[in-house]
1. In vacuo Debye scattering of the range 99-198, one point per C-alpha: log10 I(q)/I(0) at q = 0.16, 0.20, 0.24 Å⁻¹?
2. Two decimals is fine: what's Rg over Rh for the range 278-335, C-alpha atoms, Kirkwood radius as Rh?
3. What distance in nm separates the two pseudo spin-label positions at residue 416 and residue 390, each 7 Å out from Cα along the beta-carbon direction?
4. For the pair residue 307 and residue 287, what calculated FRET efficiency results from E = 1/(1 + (r/R0)^6), where r is the Cβ-Cβ distance and R0 = 22 Å, to the nearest 0.05?
5. Suppose the chain between residue 352 and residue 151 were pulled fully straight at 0.36 nm per residue; how much longer would it get relative to their current alpha carbon spacing?
6. Rounded to the nearest angstrom and ordered from largest down, what semi-axes does the equivalent ellipsoid of the range 145-230 get from its C-alpha gyration tensor (root of 5λ)?
7. Sorted from largest down, what three extents in whole angstroms do the Cα atoms of the chain have along their principal axes?
8. Given the rule -39500 (n - 2.57) for each run of at least 4 DSSP H residues, summed and divided by the residues of the chain, what is its mean residue ellipticity at 222 nm, to the nearest 500 deg cm²/dmol?
Ligand code: ARG
């Protein structure tokens, strides 16, 4: 947004000796600023009120009204000037992060595990953050740190050999794997032989045994195929699918670094790093030689640092892994890596789901794709009722249904636990994705009906309260994206979109758009800016913006 603060500072610094840029404060979120004069009273030996009055008389800035009140100099941006500045640039041209590289580890699914509702938050928060950082000019590396290593895969192979069958696996995919896995767990408790067999298979995978690796790769591709279908619906792509197994042979390099600093200790045959009194030690290698989760994450951190040279490395992972990341960052700090401070655990709360029938739960897990399907089905019913004439109903319902789930997940502060309700998420009149999409479609329909062609507008026609409220909410949209990115908080964007819609709908009801003349041109211009901002914002939040609804 246009930097009024800087203008005010420059104009005021001769009138107020010793003024610092930070003394200029925003007194409301948009277009009023003030300078408190109390700190000058001592130096100038005058009352703050007198200082403010004198300064106000001497400060002149084009388009800004300057007044003294109660020891403050108040600055009010004139509406005309504000509107002109609001529309002087292009949406999305602000690139404060150009030249920076950000790694974002998100979604990170586990092989042979269903893509369930628990992955929703990491997937959509991470996906939105990728979009924000890209929009702000950063180079983004989206990483799906696959959970593709562990003894459980040996168990799965032995279960598959005992009870599985290729045809069923091909037909049922993950459902079959999940069932085999559940069966492995219950039967291996009763029969030790199964567990031994599992251990042998997992060693075979590690040794690169052709048959074992072949089966594992098949499980992996079944898992990824399902996950990628979900990613496509969410408009998400990854730059890397390097998973845990990729780092297994790189753990030795980390151990060397730890040894060089005298940090690697042996305890009961296990290799550990002690982290002081307030944290349990980090387990690097078990006594049987197997590396642990944190060891592979250490290797991954080095790999990312060496290969991408990141300025920030984000991990979008649930809050229950907070200790893991604290330990991970601490070990890197002990290793003397200065970039340890560029690593951030972007944590989030728990999701529960209300109103989903148990019948859609498979093996007691709720698949994300089932939730999306249910939302799309409901969206279709709503759309068919509201707009029976609409073409491409199915495509629109997909955008609206999926969008409803995503927007809902991104609407509250990420740390808050959520109880997801389909009915609430799909309420077209609530603070929801469909509401924003519908407002966007409404703007488009106004523009289409008016056969609007981009034209220069007379900004003086946009100074009434309703129009001006809309302008204020559009003016700093790029800053809103920036603030969402640096706070790792997509809700900053989703909340602003809803505010824009509410303000636009007030404007739409109060100001007749098709009123002729230059007022109509200006109102159409504003409608076009709203449509553009809503589409841009929806896309940043992974949602489609259908033209018609
Ligand atoms: N696969 C893990 C899980 O589902 C998340 C991995 C997060 N990323 C990481 N680098 N540790 O719990």
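1. -0.76, -0.95, -1.17
2. The Rg/Rh ratio comes out at 0.97.
3. Result for the modelled spin labels: 2.7 nm.
4. Values: r = 32 Å, r/R0 = 1.45.
The value I calculate is 0.10.
5. Numbers: separation 201, 0.36 × 201 = 72.36 nm, distance 2.90 nm.
Length gained between residue 352 and residue 151: 69.5 nm.
6. Details: eigenvalues 80, 49, 26 Å².
Gyration-tensor ellipsoid for the range 145-230: 20, 16, 11 Å.
7. Over the chain, Cα extents along the principal axes are 89, 67, 34 Å.
8. Values: 22 runs with 292 residues, N = 549.
Taking each H run of at least 4 residues, the total per residue is -17000 deg cm²/dmol.
None of the figures in this text is laboratory data; all of them are computed from the coordinates on show. Because the structure is predicted, anything quoted here is derived from the model rather than measured. Backbone-built Cβ (ideal geometry, glycine too); neighbour counts: all protein chains shown.
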